[in-house]
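The structure under discussion appears below in the form of structure tokens.
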Amino acid sequence: MALTESNMLPLGTQAPDFTLIDVVSKEEKRLPQLKGEKGTLIVFSCNHCPYVIHLLDAFLAKVKQWTPLGINTVVISSNSIKTHPQDGPDEMAVLAQEKGFDFPYLFDETQEIAHAYDAACTPDFYLFDKVLKLQYRGRFDDSRPGNDNPLNGKDLQAAVDALLQNKTPLTEQSPSMGCNIKWHPGNEPASWNI
């Protein structure tokens, strides 16, 4: 595992469009049909990363609060299953069903979408407004495995609150941190340092 920070895509960026397979329904899903009335949270994640596992239940609880407020959530795994088969579509579907995901869990097999979003780590959070302009990119909160900080989602919650209150995006945004995305050999971003 290489501890990696998110790349902090510029605020105001239009969400890159995508069509990906939902591992549970086995249906293609397009971003325009997934976006929320008030906003859309796109998260790059995976099954095995200890940073994802650490916050998963707290994240799922937040999603249940935000969905009725008009914030839709979409989770994408872009990890190479050549090197990390535990992050493949079948295993993703098992996790989604075990944890009761009530949002799409999409598989980015070619990793094109991770590149389009400049995603770097798992988890990597992107909050877009109702017209899919980026309002927040960064961390859930400052809790990490083993640091004993409270797991409360305060950073992402503050961004959601600002969005719902039609406030300008938060000026202070801290990068997320976690396992690096497991790129297919030869598919690493040009800026990626090994």
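Miscellaneous remarks
- Separation of the residue 116 and residue 3 label points, Cα + 7 Å toward Cβ, nm: 3.3
- Of all DSSP bridge pairs formed entirely within the chain, close to 70 percent run antiparallel.
- In segment 1-74, the trypsin sites (Lys or Arg not before Pro) that fall in loop regions by DSSP, at most 15 other Cβ within 10 Å: 26
- Here the dipole of segment 19-129 is about 280 debye; that uses its Cα centre as origin and unit charges on the Cβ of Lys and Arg (positive) and Asp and Glu (negative).
- Applying a DSSP loop filter and a limit of 14 other Cβ atoms within 10 Å to the GluC sites (Glu not before Pro) in segment 8-83 leaves 27, 37.
- Residue of 57, 108, 22 that the Gaussian network model of the chain assigns the largest fluctuation, springs spanning Cα pairs under 10 Å: 57
- Student exercise, the chain dipole from Lys, Arg, Asp, Glu Cβ charges, in Debye to nearest 20: 420
- FRET E, pair residue 147, residue 99, Förster distance 22 Å, beta-carbon r, rounded to 0.05: 0.40
- Contour minus Cα-Cα distance for residue 167 and residue 65 (0.36 nm per residue): 34.8 nm
- Sorted from longest to shortest, the spans of the Cα atoms of the chain along the three principal axes equal 43, 37, 33 Å.
- Of the cross-linked pairs 29/99; 26/154; 62/133; 130/154, those separated by over 28 Å at the C-alpha level are 26/154.
- Cβ crowding within 10 Å ranks 94, 74 as 94, 74, fewest other Cβ atoms first.
- Inter-centroid distance (Cα atoms) of segment 74-126 relative to segment 161-179, Å: 22
- Residues of type aspartates and glutamates that residue 38 reaches as a straight line, Cα spacing below 18 Å, ignoring anything fewer than 8 places off in the same chain: 17, 102, 129, 161
Taken together, the values in this text are just the output of simple stated rules run on the coordinates, not laboratory data. Treat the numbers as computed from the prediction; the structure is a model and nothing was measured. Here the Cβ is made from the backbone with ideal geometry for all residues, glycine too, and neighbour counts use every protein chain on show.
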